[in-house]
Amino acid sequence: MPPAQLARVTSMRRSTRSLLLLIALVPLAGLFMLANERYRYVERVLFDWQVFWQSDSLEAIGLDQYRAVTEGQVINGLEDDVSGLSFDPDRKSLFTVTNQNPELVELSLDGRVLRRIALVGFGDAEAVEYISPGVYVISDERQLRLIQIHVDDSTKSLNAADAEQLTLGLTASGNKGYEGLAYDSRGKRLFVARERDPVQIIEVRGFPRVNADAPGNLQVITDGKRDGKLSVRDLSSLQFDEVSGHLLALSDESKRILELDTTGRPIGSGSLKEGDMGLSKSVPQAEGMAMDDEGTLYLVSEPNLFYVFRKP
């Protein structure tokens, strides 16, 4: 066979093999998508079943009763995406962080940027939590650090090297470390959300220290039984409700907010999908959640979108 004809035959064989491979991959992709949808359905049913049998309407916050009053409002004036959210009851404002060019950002309750504070040496700042007047904790997701900071009206920048830090002895899987923070001011407990692999809520006692002169008594508590019942793919933020003593857990991938009672049982949830909680569109990528002292719920989502939810 002449070389030119041989080349054409070889090319045709390669094209045929490529076509057959493509034909074989199409149904496999379809099966994968179907399996993924079934997984989501089973995940939803399992959680709803847990809530049905374990809920107590007198105790639950009633997340499903909340309705969006501000939806997808753009946070103007920031070049980087925000992550995490915390309500400051003293300043009556919100705090969030950016991680590409780390900053601590103060927002008004209607989503306007009030000020920006440069963060030096904070690595991948992922969440911020109010502790007490002028005191906050920032999580560094990649280096698995919790960093205590002090902020006043004159603060322009913060250096992690000057701050008290805590590194938990846990192994992160890729960029899947500390994703959310919540603080129980009465019980002096800091809750830390691990994003995934596995999804985990860690309870830290003794950090940050309430009294800097007091001896440290650090405790790190995990609850695998509770975490195994969360039925979500990831965790992106936490919020502790001081009134009920319940913990709220936000899942970006599952587009859901869970409510856990004082024993860690799931007793309620709110969906962040189109048509639920008064939303005209699904929240694209929820990254932070906070609740103020009047029970109003605030949410931030990539790409820098701001949400407010209230009960009617």
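Computed quantities for the displayed model
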read-out	value
Low-density loop positions, trypsin sites (Lys or Arg not before Pro), segment 97-195 - DSSP coil, at most 13 other Cβ in 10 Å	Lys156, Arg186
Residue order, fewest to most surrounding Cβ atoms within 10 angstrom, among Ile257, Ile149, Ile23, Ile75	Ile23, Ile75, Ile149, Ile257
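Throughout, read-outs are computed from the coordinates displayed, never taken from laboratory work. The structure presented is a predicted model; accordingly, all values stated were derived computationally and were not measured. Positions of Cβ are backbone-derived with ideal geometry, glycine not excepted, and every protein chain shown enters the neighbour counts.
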